[in-house]
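Okay, so here's the structure we're looking at.
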Amino acid sequence: MKPKTKTLLFILLSFFLGVAGGYLAFDAGVFRSGRGSRSSPQEFRREFHHKLSLDSLQVSEVDSLLDAYWGRMSVHRDEMMRHRDTLRAELRRRLSPEQQTTYDEMNRQMDARYERGRRDSLR
């Protein structure tokens, strides 16, 4: 075998092993802390207060700012959901009836994952 071919095969093998190892590590939860990478707002506050050793006035001010931030983010999330629904309807109109059935199931699965993630983050 020529040296160029050996080098190319080595690079391809390394790439695929890296992808497989990364997938397995991610699937096993190596890159997650605790039950997932998202923490609930309550957990975030507790960690923030604790790590920074906030006094009672700072806790009150920080909590007020966080409440306002999360309230604004909720508005954006609702807007994003409306855009997502519009996009889904536009895509669906371009599919055959058989494809629509599959597409609807794909959306149900994505929605279920999204809701599980939201519920987990509120714990």
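Of ARG38, ARG92, which residue is within 28 Å of TYR103 (Cα to Cα) and modelled with pLDDT of 80 or more?
Selected residue: ARG92, the only one of ARG38, ARG92 that is within 28 Å of TYR103 (Cα to Cα) and modelled with pLDDT of 80 or more.
Out of curiosity, is SER64 exposed (fewer than 11 other Cβ atoms within 10 Å of the Cβ), at pLDDT below 85 and either polar (S, T, N, Q) or in a loop (DSSP other than H, G, I, E, B) (or both)?
Criteria not met by SER64.
What pairs can you find where one residue is in the range 55-69 and closer than 13 Å to PHE44 by Cα, the other is hydrophobic (A, V, I, L, M, F, W, C) and not in a helix (DSSP H, G or I), and their Cβ atoms are less than 7 Å apart, with a gap of 6+ or different chains?
VAL62/LEU54
The values are calculated or read from the model by the stated rules, or taken from the named source; none is laboratory data. Treat the numbers as computed from the prediction; the structure is a model and nothing was measured. So basically every Cβ, Gly included, is an ideal-geometry build from the backbone, and we count neighbours across all protein chains shown.
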